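What follows is one structure encoded as structure tokens, with my remarks underneath.
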Amino acid sequence: MASRDPVADLRRIAFLLERANEATYRVKAFRSAAATIAALPPAELATRTEEGTLAKLSGVGDVTARCITESLAGEEPVYLRRISATAGTDLSEAAATLREALRGDCHSHSDWSDGGSPIEEMALAAVELGHEYLVLTDHSPRLTVAHGLSAARLRKQLDHVAALNAALPDGFRILTGIEVDILADGSLDQEDELLERLDVVVGSVHSGLRDDSAKMTRRMLAAIANPHLDILGHLTGRKVATKGEGDKAHRGGRTRPPSDFDLEKVLAACLDHDKAIEINSRPDRLDPPKRMLTVAVEAGCLFSIDTDAHAPGQLDWQHFGCERAALCGVPVDRVVNTWSAERLLTWTAGHSGE
Ligand SMILES: [Zn+2]
Ligand SMILES: [Zn+2]
């Protein structure tokens, strides 16, 4: 195949990123890579591409090196193809399409843990929003500040949910679940037998968020490999500033930087084990950050666009997640909560069978 002009491809990407109002540092990465290789003798460019040492050049990083390699091989860089695909479309329209495709929410809390309302009220709000299912994911025992459920209380909750489901309108059901703490060693904070019984298991890191990258990566990889975990909740644990909205559990307006871990390894593990990455829609989280979400899209990951609602009105926050998903080019069919309950449950059941 005839090779393309990598300099032109990198510049085109920079232009499209600028037009989409992306962060300056991202745009600059592509412009400086273009300048670096434009100044390089063609023979050296060819050798470095062959040896995989492009990223050793100052101004060239892993992402830009991949674009250059693809270009020289005669392929339109995946990065360029993705942003070209979304560049011409109206973002709000793309976000609306995603929102309409959502059939449920995989992360929500009730007053059994740190939510403000009974399960029934959460469920009725979900029915009104047009959802076909709501996964109830109250916290696990170690999260005492959030009144995490002991095994005994969770068993009680399962009976309660079964009774509620019998009384709820046809075509809607509460799916059982948990937001289980990922403990320091990567194990999950609930009995295996219970995790096995639950429809959907969201696993999240809530402690040790400033641990070093090696420790955090080990912890996350162990959790992703655990057959009970289906969805990795709020990937980085970051908190962003909001305009004062929020409930008791999340108020305070304090921001927190993302935790430090090896993103590529975490994404590769999610792919290997067929697990989904949550796009957390809470205005004070908006996690993962766009740059990570973009990498996850390119890696081919599955996603779940969830609200992490702690009150009925918050179940309508999904559009925040949809906007970010649309901006980063998340394909509709890779969002697990656009699937029917049956398909979702087949997918989660598949994890335990590994
Ligand atoms: Zn959480
Ligand atoms: Zn939560």
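The values are calculated or read from the model by the stated rules, or taken from the named source; none is laboratory data. Keep in mind the model is a prediction, meaning the values are calculated, not measured. Note that we place each Cβ from the backbone using ideal geometry, even for glycine, and neighbour counts take in every protein chain shown. The protein model used for the area step is the full one, side chains on, heavy atoms only, and it has no ligands, DNA or RNA in it. Shrake-Rupley method; radii C 1.70, N 1.55, O 1.52, S 1.80 Å.
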- Only residues in the range 295-309 that are more than 16 Å from ligand 1 (Cβ to nearest atom) count as the first member; pair them with residues that are open to solvent by less than 30 Å² (accessible area, probe 1.4 Å) and in a loop (DSSP other than H, G, I, E, B), Cβ under 8 angstrom, at least 6 apart or cross-chain, and list the lot. Ala296/Pro288; Val297/Cys328; Val297/Gly329; Val297/Val330; Leu302/Lys275; Phe303/Val330
- Within the range 144-156, of all residues that are part of a loop (DSSP other than H, G, I, E, B) and closer than 27 Å to Leu344 by Cα, the one farthest from ligand 1 (Cβ to nearest atom) is Ser150
- Query: Taking the range 219-239 as the region of interest, how many residues are farther than 18 Å from Glu191 by Cα and either assigned to a helix (DSSP H, G or I) or more than 16 Å from ligand 2 (Cβ to nearest atom) (or both)?
  - Reply: 3
- Scanning the range 112-127 for residues that are assigned to a helix (DSSP H, G or I), open to solvent by less than 50 Å² (accessible area, probe 1.4 Å) and not β-branched (Val, Ile, Thr) gives Met122, Ala123, Ala125, Ala126
- Answer yes or no: is there a residue in the range 182-195 that is of a type in the set (Asp, Glu) and within 16 Å of ligand 1 (Cβ to nearest atom). yes
- Query: Which residue, of Ser117, Ser140, Ser58, Ser71, is touching a Gly at 6+ places or on another chain (Cβ under 7 Å) and over 24 Å from Thr338 (Cα atoms)?
  - Reply: Ser140
- Among the residues of the range 298-309, count how many are crowded, with 24+ Cβ neighbours inside 10 Å and within 12 Å of Val330 (Cβ to Cβ). 3
- Would you check which residues across the range 146-163 are in contact (Cβ under 8 Å) with a residue 40 or more places away in the chain and within 13 Å of ligand 2 (Cβ to nearest atom) and list them? Ala146, Gly148
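Being of a type in the set (S, T, N, Q) and either outside any helix (DSSP H, G or I) or modelled with pLDDT under 95 (or both) narrows it down to one residue among Thr64, Thr89; which is it?
That would be Thr89, the only listed residue that is of a type in the set (S, T, N, Q) and either outside any helix (DSSP H, G or I) or modelled with pLDDT under 95 (or both).
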- Total residues in the range 1-28, condition in a helix (DSSP H, G or I) and open to solvent by less than 40 Å² (accessible area, probe 1.4 Å): 10
- Note on the structure: Going through (1) open to solvent by less than 10 Å² (accessible area, probe 1.4 Å); (2) free of Cβ contacts under 8 Å to residues at least 60 places away in the same chain; (3) away from ligand 2 (no atom under 16 Å from the Cβ); (4) not polar (S, T, N, Q) one by one, Arg343 fails only at (1)
- Of the residues in the range 69-82, those that are touching a Lys or Arg at 6+ places or on another chain (Cβ under 9 Å) and either in a helix (DSSP H, G or I) or surrounded by 19 or more Cβ atoms within 10 Å (Cβ to Cβ) (or both) number 7
- Task: Sort through Val295, Val335, Val330 and tell me the only one that's open to solvent by 30 Å² or more (accessible area, probe 1.4 Å) and either modelled with pLDDT of 95 or more or in contact with a helix residue (DSSP H, G or I) (Cβ under 7 Å, 6 or more places away or on another chain) (or both).
- Result: Val295
- Quick one: would you say Ala166 is among the aliphatic types (A, V, I, L, M) and either surrounded by fewer than 17 Cβ atoms within 10 Å (Cβ to Cβ) or free of Cβ contacts under 8 Å to residues at least 24 places away in the same chain (or both)? yes
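Here's the yes/no breakdown for (1) touching a residue at least 24 places away in the same chain (Cβ under 8 Å); (2) in a loop (DSSP other than H, G, I, E, B); (3) within 16 Å of ligand 2 (Cβ to nearest atom):
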{"site": "Thr176", "(1), (2), (3)": "yes, no, yes"}
{"site": "Glu179", "(1), (2), (3)": "yes, no, yes"}
{"site": "Glu193", "(1), (2), (3)": "no, no, no"}
{"site": "Thr217", "(1), (2), (3)": "yes, no, no"}
- Query: Consider Gly171 against the criteria (1) surrounded by 19 or more Cβ atoms within 10 Å (Cβ to Cβ); (2) away from ligand 2 (no atom under 15 Å from the Cβ): it satisfies all of them except one. Which criterion is unmet?
  - Reply: (1)
- Is one or more of the residues making up the range 201-213 crowded, with 24+ Cβ neighbours inside 10 Å and either more than 14 Å from ligand 1 (Cβ to nearest atom) or modelled with pLDDT under 95 (or both)? no
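What do you reckon, is Gly130 away from ligand 2 (no atom under 16 Å from the Cβ), of a type in the set (Gly, Ala, Ser) and part of a loop (DSSP other than H, G, I, E, B)?
Here the answer is yes, as Gly130 does meet what is asked.
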